[in-house]
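Colleague: Sharing a structure, written as structure tokens. Questions coming.
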Amino acid sequence: MTKPDGVSGAIRVGYDWQVGKGVFGLGGEYNLGKYDGGLSGVYGDALGELGGDLNLEVEKAATIFARAGYAVNENLLAYGLLGYTWADVDGRASDGFETYSDSTDLDGVTVGIGAEYRFTNNWSGYAEYAYTDFGTVKDTEGNVEATMQQVKLGVNYRF
């Protein structure tokens, strides 16, 4: 299994509706950064013993999501989200003798939880945890799976 890690920035847009204390929204996010990850588990150990390695680099990722939350008070929102993520991944593998590279697209389901705090009528900040399961990487005969975990801190401007 590969688990990319790194630091990224993103641009996020969305729209929310509030009914009583319930808040529902739709949004999209485009990551501007890069995540790197190697192969872990039994396959990573075996490849390392042979002098090889595998590295996946996520350069572009976009997510569309729906979220539902509860307005704890007039400034604090707790929410969960469900979305679809697409990512462009460059892979490099070495068997100890030769190096191979390829590029592929991954897509998967993203789930997350978060909290948003409104500082003023137009400005808010959020903290969020998101988990994406990309599933099995194509052309690997089911031997390579990719997941991504993100902790996000951000600022929103509301029109």
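Colleague: Could you tell me which residue of region 51-73 is farthest from residue 132 (Cα to Cα), considering only residues that are at pLDDT 95 or above and outside any strand (DSSP E or B)?
Modeller: Looking at the filtered set, the residue picked out is 73.
Colleague: Among the residues of region 14-50, which ones are assigned to a loop (DSSP other than H, G, I, E, B), modelled with pLDDT of 70 or more and among the hydrophobic types (A, V, I, L, M, F, W, C)?
Modeller: Of everything in region 14-50, just one residue is assigned to a loop (DSSP other than H, G, I, E, B), modelled with pLDDT of 70 or more and among the hydrophobic types (A, V, I, L, M, F, W, C), namely 32.
Colleague: Identify all residues within region 88-121 that are under 19 Å from residue 22 (Cα atoms), of a type outside the set (A, V, I, L, M, F, W, C) and open to solvent by 20 Å² or more (accessible area, probe 1.4 Å); write none if there are none.
Modeller: 117, 118, 121
The values are calculated or read from the model by the stated rules, or taken from the named source; none is laboratory data. Values in this document were obtained by computation on a predicted structure and should not be read as measured data. Only protein heavy atoms, including side chains, enter the accessible area calculation; ligands, DNA and RNA are left aside. Shrake-Rupley method; radii C 1.70, N 1.55, O 1.52, S 1.80 Å.
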